[in-house]
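Nothing in this text is a laboratory measurement; each read-out follows from the coordinates by a stated rule. Bear in mind that the values here come from a model prediction, so they are computed numbers and not experimental data. Virtual Cβ from ideal backbone geometry, glycine too; neighbours counted across all protein chains shown.
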Amino acid sequence: MEEFAYDAFISYSHRDLKWARWIQEKLETFHIPDEEGEPFTKRRRLRVFRDQTDLAGVEVTASLRRELRASRYLVVVCSPNSAASRWVNDEVVYFESLGRRDQIVAFIVSGEPDSDAAALECYPPAMRATDDRHLLGANVQEIGRNKAFLKVVSLLIGMRFNRLVDREKQRRRRSIASVAAVLLVVSASIAALLWRNAAISRRNRALSKDAYGAAIVAFAQSDAITPEDFERIRDSAKAGNTYAATLLGDCYGKGWGVERDDAQAFEWYRRAAEGGETIGMIALANCYIFGTGTEADPGESFKWNMRAAETGSAEAMLNVALDYEGGHGTERDPEAAFRWYRESALKGYDLAMYNLARCYRAGIGTKVNLVKSFYWMRELANLENAEAMYNLAVMYQHGYGTPRNPKAAYAWYRRAADSGDGDALYMTGWCIENGFGVDEPALEWYEKAAAAGSGEAAAALERLGASR
């Protein structure tokens, strides 16, 4: 089988940047089922390249053509914005020229494919119907973003969609507060980037006289690093700026302003980490766990996660907890895992809140305490986490850690449904049909859930139809 550097190349319009970032993070943190064969026998993560051509405002460069050639699939974030983007269309045209039209995946976030109304068209010209064959893809508007994401994953890994959805449902139902296997090792690259952008305003004054400061300010404004910015960052890193060294590692690791080089990324993360930069420590730990630019070494990964956690990093605390719970690079120690989950959750880290609720629910490293499990699930749900909203509704419905409250259960199912959660769409319909905490027609919610792929909702529609 042909070897590719990336499983997916994400093409999108700058106006759809939030969607592009969202699906990139979801793909990069998805845990490939162990039973999947080639090309995933030796790895459990998808490799993704996110194009920034539309952001830079240049033609499809030789370097981007190289990345397109190195990608097994082209995932196009489709909307009226991308339909009007020259850069997206050029990438599709080039990918098709490689003989891979059957490996183009449409991720539709708005608009309509092959629409009679030009303003609603979501496909770029090169993707519009030229024969009777329909492109592979998923439509967020029809099945919700989580199901649409799973549909894309099913295409990338060659796994039946229904089987993948069932697998995710089984995972959820094993424990209402279980955490996805993808969280066993958390990649810091996206979180670190967002953290850096948020911190830029606080650091501008101190960095204003540094060429590196000018580079990261430009980066924050454009979300792109030019070769000139890269040179400034490298000069500053060589001069001993550990924060610049971390960003330089990102440049090499992601191909920002320079050709991608995992060995160089590892080297600069190492320099940053050894210089005391917390984000560099987390990035170095990820290199060791994934074997990026170096040999995989869980023990070294744990060591650097621990050093970062000791600086007060909530994300690193979560990583340490996951290592202790799973025995990654250290002896399994559920009590230590619980303590670190708690420390991270107290700092407001959402994934830690989820895991802490799970520990209290299942008695991992502590005594079972459903009241505290409920408390942390509610804290996370209040942060608009759809999975937590759904779980909180279940807890209200069955009285787990809180008095049984049908109205509150319905309200939280409804909030999770509004975020696109397919199971919550079904449960909203169920609550309405059975008068559980609400009194309004159920049919429209079952229809939405059925469109999102819920077999239970389809059965409910059949039942209601038969009863008329």
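For ASP297, the amide hydrogen comes within under 5 Å of the amide hydrogens of ILE289, GLY291, counting only partners 5 or more places away or on other chains and with H modelled in the peptide plane. Per-residue Karplus couplings for region 365-370, computed as 6.51 cos²θ - 1.76 cosθ + 1.60 with θ equal to phi - 60°, are listed in order as x, 7, 6, 4, 8, 5 Hz, Gly and Pro entered as x.
For GluC sites (Glu not before Pro), the sites in region 348-420 that DSSP calls loop and that have at most 14 other Cβ atoms within 10 Å are GLU384.
Using the Cβ-Cβ distance between ARG65 and GLU274 with R0 set to 41 Å, the FRET efficiency works out to roughly 0.65.
Rounded to the nearest 20 debye, the dipole size of region 318-420 about its Cα centre is 540 debye, using +1 on the Cβ of Lys and Arg and -1 on the Cβ of Asp and Glu. Distance between the pseudo-spin-label points of ALA296 and GLU444 (7 Å out from Cα toward the beta carbon): 4.9 nm. Counting only Cβ charges, +1 for Lys and Arg and -1 for Asp and Glu, the dipole size of region 354-468 around its Cα centre is about 600 debye.
Ranked from largest, the principal axis spans of the Cα set of region 370-426 equal 28, 21, 14 Å.
FRET efficiency for the LYS18 to GLU331 pair, using the beta carbon distance and R₀ = 35 Å, is estimated at 0.30. Rounded to the nearest 20 debye, the dipole size of region 242-384 about its Cα centre is 680 debye, using +1 on the Cβ of Lys and Arg and -1 on the Cβ of Asp and Glu.
Give me the net charge for the shell around GLU315: Cβ to Cβ below 11 angstrom, other residues only, Lys and Arg +1, Asp and Glu -1. The answer is 0. The simple spin-label model puts a point 7 Å past each Cα toward its Cβ; for ARG128 and ALA263 those points are separated by 4.8 nm.
In units of the compact-protein estimate 2.2 N^0.38 Å, region 291-431 shows a Cα radius of gyration of 1.19. Per-residue 3J(HN,Hα) values for region 287-294, derived from phi via the Karplus relation 6.51 cos²θ - 1.76 cosθ + 1.60 with θ = phi - 60°, read 4, 5, 6, 8, x, 8, x, 7 Hz in sequence order (x marks Gly and Pro).
To the nearest 0.05, what FRET efficiency results for GLU384 and ASN405 with a Förster distance of 25 Å applied to their C-beta separation? The computed FRET efficiency comes out at 0.80. Please give the residues of region 407-429, grouped as numeric ranges, whose backbone N is less than 18 Å from a label point set 7 Å along the Cα-to-Cβ vector of ALA459. From region 407-429, the list is 422-429.
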